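Asker: Have a look at the structure that comes next, please.
The values are calculated or read from the model by the stated rules, or taken from the named source; none is laboratory data. Keep in mind that what you see is a predicted model, and the values were worked out from it rather than measured. Neighbour counts run over all protein chains shown; Cβ positions are idealised from the backbone, glycine included.
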Amino acid sequence: MRDIVTQYRKQLKEASSNEVLAYFAEKYKGKIAFSTSLGAEDQALTDMICKIDPSVMIFTLDTGRLFQETYDLLNITEKKYRIKIHLYFPDATRVEEMVREKGINLFYESVENRKICCQIRKIEPLRRALTGMKIWVSGLRKEQSITRHEFELIEWDESHQIIKLLPLVDWTESQVWEYLKEKKIPYNELHDKGFPSIGCLPCTRAVKPGESLRSGRWWWELPENKECGLHL
Ligand code: ADX
Ligand code: SF4
């Protein structure tokens with residue numbers, strides 16, 4: 001599979017985000033899925049994808065701990081584009097066991113606990129969402145953090161055995177915002193309240209001007225720990 005990725009990288013070196021999406025949407029019709037957190041990058045991608053091929057499967061991992069503003073935006077986005085965003089929930093029994101054993105706010109107590117929570121609420125549902133798919137589209141950008149500098153437009157995701165497409169990998173934050181404003185795309189109102197990156201409510205806080213984009217995510221942890229395991 002790595003050979004295919006190398007070949008696609010060569011072939012699509014000069015292609016724009018739109019062209020890359022269009023290429024894969026056609027070639028892998030019915031086998032391409034886009035994971036949206038409804039963050040700024042993902043809203044730009046939703047707009048592009050809906051214009052190219054609205055049959056692409058779009059899904060959100062609903063951890064049960066998202067912000068109300070995120071759910072509101074989900075509704076607004078579905079209506080605007082006349083699409084269904086598929087929600088994937090964690091396994092109820094596993095959540096119940098975890099909370100009984102470790103408490104409802106276990107994530108603040110250790111990195112290990114935080115990873116267990118992400119595993120149960122995000123990673124396992126992600127595995128289900130990607131079952132049977134060949135292409136996974138995501139809004140990751142290099143600039144977002146030190147853990148993401150090495151990403152390329154097309155990646156091979158070893159843990160999910162899938163080709164991962166990152167159409168905005170080289171975009172800057174201002175490019176994302178120009179796109180959203182120019183096309184009048186709805187975005188999460190928390191972005192205007194100091195939240196450049198939005199995840200679960202208990203694990204996300206606003207940042208001060210000048211602080212790094214993801215410093216409000218799991219703010220009590222070191223930057224090199226700040227991945228939930230979705231993107232390894
Ligand atoms: S995270 O791993 O730290 O939570 P981040 O918020 O930066 O990720 O988002 C990066 C990409 O991960 C998004 O573009 C999206 O593809 C995916 N993602 C993150 N959270 C979710 C979610 N709750 N549901 C679906 N996709 C998500
Ligand atoms: Fe749990 Fe926080 Fe991870 Fe959400 S981000 S799944 S609440 S640890």
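Asker: In the list Leu201, Leu222, Leu190, which residue meets the criterion of being modelled with pLDDT of 95 or more, within 16 Å of ligand 2 (Cβ to nearest atom) and either surrounded by fewer than 17 Cβ atoms within 10 Å (Cβ to Cβ) or among the charged types (D, E, K, R) (or both)?
Answerer: Leu201
Asker: Select from the stretch 87-124 the residues that are outside any helix (DSSP H, G or I) and small (Gly, Ala, Ser) and write down the one among them that is modelled with the lowest pLDDT.
Answerer: Restricting to residues being outside any helix (DSSP H, G or I) and small (Gly, Ala, Ser), the top hit is Ser110.
Asker: Based on this model, can you work out whether Ser145 counts as modelled with pLDDT under 95, touching a Lys or Arg at 6+ places or on another chain (Cβ under 6 Å), away from ligand 2 (no atom under 12 Å from the Cβ) and hydroxyl-bearing (Ser, Thr, Tyr)?
Answerer: Spelling it out, Ser145 is indeed modelled with pLDDT under 95, touching a Lys or Arg at 6+ places or on another chain (Cβ under 6 Å), away from ligand 2 (no atom under 12 Å from the Cβ) and hydroxyl-bearing (Ser, Thr, Tyr).
Asker: Then there is this: Restrict the check to the stretch 46-54 and report whether at least one residue is buried (at least 17 other Cβ atoms within 10 Å of the Cβ), more than 23 Å from Gln175 (Cα to Cα) and over 15 Å from the mean Cα position of the chain (by Cα).
Answerer: No, that holds for no residue.
Asker: Among the listed residues Val176, Val169, which satisfies the condition of being at pLDDT 90 or above, over 24 Å from Lys80 (Cβ atoms) and surrounded by 19 or more Cβ atoms within 10 Å (Cβ to Cβ)?
Answerer: It is Val169.
Asker: Test Glu41 against the stated conditions and say whether it is of a type in the set (D, E, K, R) and either in a loop (DSSP other than H, G, I, E, B) or crowded, with 18+ Cβ neighbours inside 10 Å (or both).
Answerer: Considered against the rule, which asks whether it is of a type in the set (D, E, K, R) and either in a loop (DSSP other than H, G, I, E, B) or crowded, with 18+ Cβ neighbours inside 10 Å (or both), Glu41 comes out as yes.
Asker: Could you list, ordered by first residue, the pairs with Cβ atoms under 7 Å in which the first is in the stretch 112-132 and free of Cβ contacts under 8 Å to residues at least 40 places away in the same chain and on the phi < 0 side of the Ramachandran plot and the second is assigned to a helix (DSSP H, G or I) and of a type in the set (D, E, K, R), at least 6 apart or interchain?
Answerer: As it stands, the answer is Asn113/Lys102; Ile120/Arg94, since those pairs meet every condition given.
Asker: Let me ask something else about it. Only one of (1) in a helix (DSSP H, G or I); (2) surrounded by fewer than 12 Cβ atoms within 10 Å (Cβ to Cβ) is not met by Glu14, so which one is it?
Answerer: Going through the list (1) in a helix (DSSP H, G or I); (2) surrounded by fewer than 12 Cβ atoms within 10 Å (Cβ to Cβ), Glu14 breaks only (1).
Asker: What are the residues in the stretch 152-205 that are assigned to a loop (DSSP other than H, G, I, E, B), without any contact (Cβ under 8 Å) to a residue 60 or more places away in the chain and in contact with a helix residue (DSSP H, G or I) (Cβ under 7 Å, 6 or more places away or on another chain), if any?
Answerer: Listed by number, the residues that qualify are His160, Val169, Asp170, Thr172.
Asker: Right, next: Restricting the search to the stretch 55-71, which residues are assigned to a strand (DSSP E or B) and either of a type in the set (A, V, I, L, M, F, W, C) or surrounded by fewer than 19 Cβ atoms within 10 Å (Cβ to Cβ) (or both)?
Answerer: Selection gives Met57, Ile58, Phe59, Leu61, Leu66.
Asker: Determine which member of the set Lys102, Lys79, Lys27 is free of Cβ contacts under 8 Å to residues at least 24 places away in the same chain, closer than 19 Å to Cys228 by Cα and either surrounded by 13 or more Cβ atoms within 10 Å (Cβ to Cβ) or away from ligand 2 (no atom under 16 Å from the Cβ) (or both).
Answerer: Lys102
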